[in-house]
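> This structure is in C-alpha cells; I'll ask about it shortly.
The values are calculated or read from the model by the stated rules, or taken from the named source; none is laboratory data. Please read all numbers here as calculations on a predicted model, not as lab measurements. Every residue, glycine among them, receives a Cβ derived from its backbone with ideal geometry; neighbour counts consider all protein chains shown. With ligands, DNA and RNA removed, areas are computed over all heavy atoms of the protein, side chains included. Shrake-Rupley method; radii C 1.70, N 1.55, O 1.52, S 1.80 Å.
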Amino acid sequence: MAPKVPPQPTLEQSTTAAEAGHGHAHEAPPKGIMRWLLTTNHKEIGTMYLIFSLIMFFIGGIFALVVRLELFQPGLQFVNPEFFNQMTTMHGLIMVFAAVMPAFTGLANWMIPLQIGAPDMALPRLNNFSFWLLPVAFGLLLSTLFMPGGGPNFGWTFYAPLSTTYAPPSTTFFILSLHIAGISSILGAINIIATILNMRAPGMRMMDMPLFVWTWLITSFLLIAVMPVLAGVITMMLMDINFGTSFFDASGGGDPVLFQHLFWFFGHPEVYIMILPAFGIVSAIIPAFARKRLFGYASMVYATAAIAVLSFLVWGHHMFVVGMPLAGQLFFMYATMLIAVPTGVKVFNWVTTLFRGSISFEPPMLFALAFVVLFTIGGFSGLMLAIAPADFQYHDTYFVVAHFHYVLVPGAIFSIMAAVYFWLPKWTGHYPNVRLSQWHFWLSVISVNLTFFPMHFSGLAGMPRRIPDYALQFADFNLVSSIGAFMFGFSQLLFVAVIVMCVRGGKKAPAAAWGEYADDLEWSVPSPAPLHTFETPPTFQRPAH
Amino acid sequence: MSGGSYYVPATSKWPVLGSLALGVMMIGTGMVLVHGRGTLITLVGLVGVIAVMALWFRDVVLESRSGLYDAQMDRSFRWGMGWFIFSEVMFFAAFFGALFYVRTFAVPWLAGEGTKGATALLWPEFTAHWPLLSPPDSSIAGPTQVFSPWHLPLVNTLILVSSSITLTVAHEALKEGKRKICRNWLAGTILLGLTFIVIQGVEYYEAYAHYGITLQAGIYGATFFILTGFHGVHVIVGTLILIVMLFRVMRYHFSPEDHFGFEASCWYWHFVDVVWVGLFLFVYVF
Ligand code: HEM
Ligand SMILES: [Cu+2]
C-alpha cells in the first residue's frame, strides 16, 4: 500500500467576515467583565480556560512547594502532618482537575475550530457553561481548606474508608465540587466531539484531520465514558458518609476495595485523558521544526485509538498489592504491558520524523523534544511498575511518584507549554521572546530532572510516599528534589513573563508563523486570529499527488 | 457539512447564571448535609437551576422556530444528545458494576470463599447469601424480606415497556403529521410515566414500613436504593420533558420533518426504559 500522503490544506475562500463581506454583521461585544461572562466565542472561552489553568497551576504549585519544603530535611520542621496531608491531596487534585485538564480543554477550544475550519464550537453556549462551572467548582474545593477539620487529607485518589469513615467533615463539599467539575468535563467533551464530527470544513475527511484534533476526539470519548463513573463513585461516598449506606464498608457487606476498582476504572483512562492531547501537540510541532512530514500519520491515529481501548482494561495495575486473584494480576500485568506497544509506535514515529530532518530549535521544539525523551523515561518506569511482583516492592513508594511525575510534568505540562509557545503567534500576532523562552526551557528541563530523578532512587530504596517525615538515609535525595522543585517553581514566573510580553508586543508573526511544514488550517488565518474565523467554511483540499 | 449558515449566538447570560445557581445549590446541599441548615440556600439554588434551564431552552426553542437553525445545527444537537445519553449509560454502569462486584466477589469473600477468603476471619459466623439479609456485623440490621419481582416490579415493568410503545406510536403519528393522535398517545405515555412514579413511591413506602429495606440495611439496601433511586429520578425528569413536549405539540411547534426536540425526548425515554429492564432483571429477579 502506498504511504498515505499527509494533508496539505489550501484555502479557496477567504477567512474573515470582513474580507468575505459576509452576511451578518457582528454586534460589538459587551464591554468589560460582561464580555467574558457572556461570551460564546471559542477563542475567548479558550483564553479563559488557559488563564484559569495557569492560575491553578501556580496554586497547585505552591501546595507542592509546601510539601517539598517540609521534605527538605528529615524530621518535622514547618507544617504539622495533618496539614501536610491536605497539601499533598490538594496539590494532586488541583493539578489534575484544575490545571492540566482545563489547559488541554482551553487549547481544544482555541485550536480545534481553527484546525477543522469551523466558525465556532458546535454548541457555543454550552461551551461557556462548561468553563464557568470550573471557577465555581474549584473555588468551592479550595474553600474546604478553611473549613473546620480542614480540607481533604486522603490523597488525590481519596480511597475509602479514609475518605468516608475517617474523613474530615468538609469531604461532602469536596464531593460536591468534584461533581461540578465532572459536569464541566462531560459537557465540554460532548461539545468537542460534536464539533469534530459535525463541523469539519467541506472536503476534510476524518483521516485528514490534524492529530491534535484526532487525539482530542478520542480523549473526549474517554472523558464521556469515565467521568460519569467518577460521579457514581463519589455519589456512593456521599451516601456512605451522610446516609449510612455500606458501599465501602465490609460490616454491611460492602467492600473498600470496590472503591478502588471504581476509582481506577475512571483513573487509568484519566491519565490518558491527560496525555493523548499531548501526543497530538507533539505530533504537530515536531514535523514543523524538523521540516519533514510526520512519519506514519495513520499509525498515529490507530495507536491513539488502541491506547484508548486498552486504557479501559488495565486499571488493576494500581491494585496489585490490594489482594487480587492471581488470574487478575496476570491479566492486568500483561494488558498494561500491551499499552507500551502503541505508545512505542508513537515514539518511534516521532523519532523517525526527526531522522534526517533539518531541525531547528525554536522554543516549542525544545519543549517537544524534551517531551519525547522524558515522557519515554516515564513510560519505562511505568513498565517496571506494571510487573506485578516488582510492583509489590515499588507500590506506594517514591518510585511511583517519580513515574507519574515524569509522564505528567515533562510529559503533559511540557506539551502544554510547547503548545503555548507554538500557538502564541496565532493568538497574539507576536512571536514569544526567544531569549527568555530559552531560559525558561533550560531552567525547567534541568530542574524537573533534579526534582524527580532522585525520587526513583529514594523510591527503590523504600521511601514511602505521602509521609511528612523519612529515614535519614533518604536525606540527600530529598534535599536535591526540594532544591529542584523550588527552581522549577520559580522558573515558571519566566513563563508568565514571556506570555505577558508576547501579548503586549514583540516580533510580528505572519499568518503561517512557523514555515511551510506547519500548514494545518489554523496557519491560513491571519495572526493574530480575528475574533471570528471561517464563518464561510473554507474548502479543504488534499494535495493532488 | 457547513453551508455558512451555522448559527452562533452572540452572547448569552444563561451559562454563567446557570453555573452560579448550580454552585449555590451545591453549597446549600453541603451545608444541609454537614451542618444541618441551609435548606433555603439549596432551594434558591434549585429554583435558579430550573429557571435557567427553562429560559435557556426557551431561547433555543425560539431560535429554532424563527428558522435560525440549519441541518448542520440539527446534527450538532443529535450528536450532543447521543453522547449525553452515553454518559448517562456509564453513570448507571458504575452502579450496576458495584452490584455485580458485591454479589460475585465481595460478599462470597467475606464468607471465606476463594483466595481472598481471608476476610472471613473478621466475621467467622457470616454466611454469604443474596439478597443479603444478614450483613456481617450485627450492628447493621439487614432487610427482613425482599420484594417479589412478580408483583409491583412486574407491573412497573409492563407499564414502562408499554410507555415506550405508546411513545413510539406518538412519534410515528407526528411523522405522519397526525398531530392530534400524537398528542393523545403522548398524553397516555405521560400518564404511564406518572403511574410508574406513584407505584415506585408505594414500593419505597413498603420497603421502609414493612420490609426493613432501608439505606442503612447493609449493601442490599444501598445498591437497591442507589439503582432504583437514580432510575426514579430519571423517570421524573423524563416525564417532565415529555410534559413540555406535550405543550409544544399542542402549540404546533413540530412539523413531520423537523421535531428533534421531540425525538430527543423519545431517545431519553427509551434509555430510561432500557435501564429499568436491567434493574428488573438484576435487582429484582436474579
Ligand atoms: C507505558 C505507559 C504506562 C505504564 C505501563 C504505566 C504503569 C503504571 C503503574 C503500574 C502504576 C501503579 C504503580 C503503583 O501504584 O504501584 C502507575 C501509576 C501512575 N501512573 Fe502510570 N503508566 C504508564 C503511563 C502513564 C501516563 C501516560 C500517565 C499520565 C499522563 C501516568 C500516570 C500515572 C499516575 C498519576 C500514577 C499514580 C497514581 C497514584 O497512585 O497516585 N502513567 N502507572
Ligand atoms: Cu494506570
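> For the range A:113-167, just the Cα atoms, rotate onto the principal axes and tell me the three extents in Å, largest first.
Computed over the Cα atoms, the extents are 51, 21, 14 Å.
> Once you charge only the Cβ atoms, +1 for Lys and Arg and -1 for Asp and Glu, what is the size of the charge dipole of the protein assembly as shown about its Cα centre, to the nearest 20 debye?
1580 debye
> Between A:Leu222, A:Trp427, B:Pro15, whose Cα lies farthest towards the positive end of the dipole of the protein assembly as shown when Lys and Arg beta carbons carry +1 and Asp and Glu beta carbons carry -1, centred on the Cα centre?
Of the options given, the answer is A:Trp427.
> Calculate the FRET efficiency for A:Leu69 and B:Trp267 from the Cβ-Cβ distance with a Förster distance of 60 Å, rounded to the nearest 0.05.
0.65
> Give me the one-decimal nm value for the distance between modelled label points at B:Val198 and A:Ile62, 7 Å along each residue's Cα-to-Cβ direction.
Result for the modelled spin labels: 5.8 nm.
> Say a paramagnetic label sat at a point 7 Å from the Cα of A:Val79, along Cα to Cβ; which residues of the range A:445-462 have their backbone N under 19 Å from it?
A:451-452
> If you put +1 on each Lys and Arg Cβ and -1 on each Asp and Glu Cβ, how big is the dipole of the range B:140-261 around its Cα centre, in Debye rounded to 20?
My answer is approximately 440 debye.
> How large is ³J(HN,Hα) for each residue in the range B:55-69, as worked out from phi by the Karplus curve 6.51 cos²θ - 1.76 cosθ + 1.60 (θ = phi - 60°), to whole Hz, x for Gly and Pro?
Using θ = phi - 60°, the values come out as 5, 5, 5, 4, 4, 5, 4, 4, 4, 4, 6, 8, x, 7, 9 Hz.
> Enter the angle in degrees (range 0 to 90, nearest 10) between the Cα long axis of helix B:71-101 and the first principal axis of the Cα atoms of chain B, meaning the one along which they spread out most.
Here the helix axis deviates by roughly 10 degrees.
> Determine, for each peptide in A:334-347, A:106-119, A:503-516, the mean count of other beta carbons within 10 angstrom over its residues, then list the peptides with the highest first.
Averaged packing, sorted descending, gives the order A:106-119, A:334-347, A:503-516.
> Still on this structure, I have one more. What is the sum of charges, Lys and Arg at +1 and Asp and Glu at -1, for the other residues whose Cβ falls under 14 Å from the Cβ of B:Leu167?
-1
> Based on Cβ point charges of +1 for Lys and Arg and -1 for Asp and Glu, what charge dipole magnitude is obtained for chain B about its Cα centre, in debye rounded to the nearest 20?
Value, rounded to 20: 640 debye.
> Grab the beta carbon distance between B:Ser138 and A:Arg356, set R0 = 56 Å, and tell me the FRET efficiency rounded to 0.05.
0.15
> Here's another thing I want to ask about it. Order the following by accessible area, largest value first: A:Asp255, A:Asp476, A:Asp249. Probe radius 1.4 Å; ligands, DNA and RNA are ignored.
Most to least solvent-accessible, the answer reads A:Asp476, A:Asp249, A:Asp255.
> Under 18 Å from the 7 Å Cα→Cβ point of B:Tyr252, by amide nitrogen: which residues of the range B:60-83?
The answer is B:62-67, whose backbone nitrogens lie closer than 18 Å to the label point.
> How many Å² of accessible area per residue for chain A, probe 1.4 Å?
Roughly 34 Å² per residue, with all protein chains present.
> List the residues whose amide H sits under 5 Å from the amide H of A:Thr397, counting only those 5 or more places along or on another chain, with H placed 1.01 Å from N in the peptide plane.
Result for A:Thr397 returns A:Arg465.
> Give me the mean projected area, in nm² to one decimal, of the convex hull enclosing the Cα positions of chain B.
One quarter of the hull surface, i.e. the mean projection, equals 19.1 nm².
> Residue-wise, which Karplus ³J(HN,Hα) couplings in Hz belong to the range B:202-216, taking 6.51 cos²θ - 1.76 cosθ + 1.60, θ = phi - 60°, and x for glycine or proline?
For the range B:202-216, the Karplus curve yields 4, 5, 4, 4, 4, 4, 6, 7, 10, 9, x, 8, 10, 4, 8 Hz.
> Calculate the spin-label point distance for A:Val503 paired with B:Thr127, positioning each point 7 Å from the Cα along the beta-carbon direction, and give it in nanometres.
7.1 nm
> Moving on. Using the reciprocal of the averaged 1/r over all distinct C-alpha pairs, how large is the Kirkwood radius of the range B:1-98 in Å?
When all Cα pairs of the range B:1-98 are included, the Kirkwood radius is 16.2 Å.
> Then there is this: Partner chain Cβ atoms within 10 Å, averaged over the residues of A:312-325 - can you pull that number for me?
1
> Follow-up. Given a 1.4 Å probe, how much area per residue of the range B:1-147 is accessible, in Å²?
The answer is 51 Å² per residue.
> Would you give the gap between the C-alpha center of the range B:137-204 and the C-alpha center of the range A:402-460, rounded to a whole Å?
Cα centroid of the range B:137-204 versus Cα centroid of the range A:402-460: 56 Å apart.
> Same structure, new question: By how many nm would the segment from B:Ala10 to B:Glu176 lengthen if fully extended, with 0.36 nm per residue of separation less the alpha-carbon distance?
Additional length available on full extension: 56.2 nm.
> Averaged over A:41-48, how many beta carbons belonging to a partner chain fall within 10 Å of each residue's beta carbon?
Mean partner-chain Cβ count within 10 Å for A:41-48: 1.
> So what's the protein assembly as shown giving for Rg/Rh, alpha carbon basis, Kirkwood Rh from the mean inverse pair distance?
Reported Rg/Rh (Cα atoms, Kirkwood Rh): 0.97.
> Mind grabbing the accessible area of A:His91 for me, 1.4 Å probe, Å², rounded to tens?
Number for this one is 40 Å².
> Accessible surface of A:Leu460 in the full protein assembly, 1.4 angstrom probe, to the nearest 10 Å²?
Here the residue's solvent-accessible area equals roughly 90 Å².
> Given a 1.4 Å probe and heavy atoms of the protein chains only, how would you sort B:Thr168, A:Thr304, largest accessible area at the top?
Highest to lowest solvent-accessible surface, that is B:Thr168, A:Thr304.
> Between 0 and 90 degrees, rounded to the nearest ten: what's the tilt of helix A:297-310 against the longest Cα principal axis of chain A?
30 degrees
> Counting only other chains, and only Cβ atoms inside 10 Å, what mean value do you get across the residues of A:128-138?
Mean number of neighbouring Cβ atoms from other chains: 5.
> A further question follows. Using the Kirkwood radius over Cα pairs, work out the Stokes-Einstein diffusion coefficient for the range B:144-285 at 20 °C and 1.002 mPa s, in µm²/s as a whole number.
135 µm²/s
> Any idea how far the Cα center of the range B:34-112 sits from the one of the range A:325-365, in Å?
Value for the Cα centre distance between the two parts: 36 Å.
> As I understand it, the dipole of chain B uses +1 on the Cβ of Lys and Arg and -1 on the Cβ of Asp and Glu, about the Cα centre. Which of B:Ile41, B:Leu122, B:Ala217 lies farthest toward its positive end?
Result: B:Ile41, furthest along the dipole toward the positive end.
> Now, a different point. For A:Ala461 and A:Ser299, what does the FRET efficiency come to when R0 = 60 Å and r is the distance between their Cβ atoms, rounded to the nearest 0.05?
For A:Ala461 and A:Ser299, the calculated efficiency is 0.90.
> ³J(HN,Hα) across the range A:384-389 via Karplus (A = 6.51, B = -1.76, C = 1.60, θ = phi - 60°), whole Hz, x for Gly/Pro?
4, 5, 6, 6, 3, x
> For A:His430, enumerate residues with amide H under 5 Å from its amide H, sequence gap 5+ or separate chain, H modeled in the peptide plane.
Under 5 Å from the amide H of A:His430: A:Ala509.
> Tally Lys/Arg at +1 and Asp/Glu at -1 over every other residue whose Cβ is under 15 Å from the Cβ of B:Gln200; what's the total?
Combined, the nearby Lys, Arg, Asp and Glu give -3.
> Let me ask you something else. Keeping all protein chains in position, work out how much accessible area A:Ser437 exposes to a 1.4 Å probe, and write it in Å² to the nearest 10.
Solvent-accessible area, nearest 10 Å²: 0 Å².
> Related question: From the residues A:Gly188, A:Asn478, B:Val237, which one has its Cα farthest along the dipole of the protein assembly as shown in the positive direction, the dipole being from +1 and -1 charges on Cβ of Lys/Arg and Asp/Glu about the Cα centre?
Going by the Cα projections, it comes out as A:Gly188.
> Heavy atoms only, 1.4 Å probe, whole protein assembly: order B:Arg251, B:Arg179 by accessible area, highest first.
The most accessible residue leads, giving B:Arg251, B:Arg179.
> Helix A:256-273 sits at what angle to the longest principal axis of chain A, using alpha carbons and giving 0 to 90 degrees rounded to 10?
30 degrees
> On to the next question. Report the rotationally averaged projected area of the range B:13-57 based on its alpha-carbon convex hull, in square nanometres.
Averaging across all directions leaves 2.5 nm² for the Cα convex hull.
> Which parts of the range B:218-245, residue by residue, lose 30 Å² or more of accessible area when the rest of the protein chains are there, as against the chain isolated (1.4 Å probe)?
Buried by 30 Å² or more upon assembly, which counts only protein chains, are B:Ile219, B:Ala222, B:Ile226.
> Checking the cross-link filter: which lysines have an alpha carbon closer than 30 Å to that of A:Lys346, excluding same-chain neighbours under 8 positions apart?
A:Lys346 reaches A:Lys4, A:Lys43, A:Lys292, A:Lys426.
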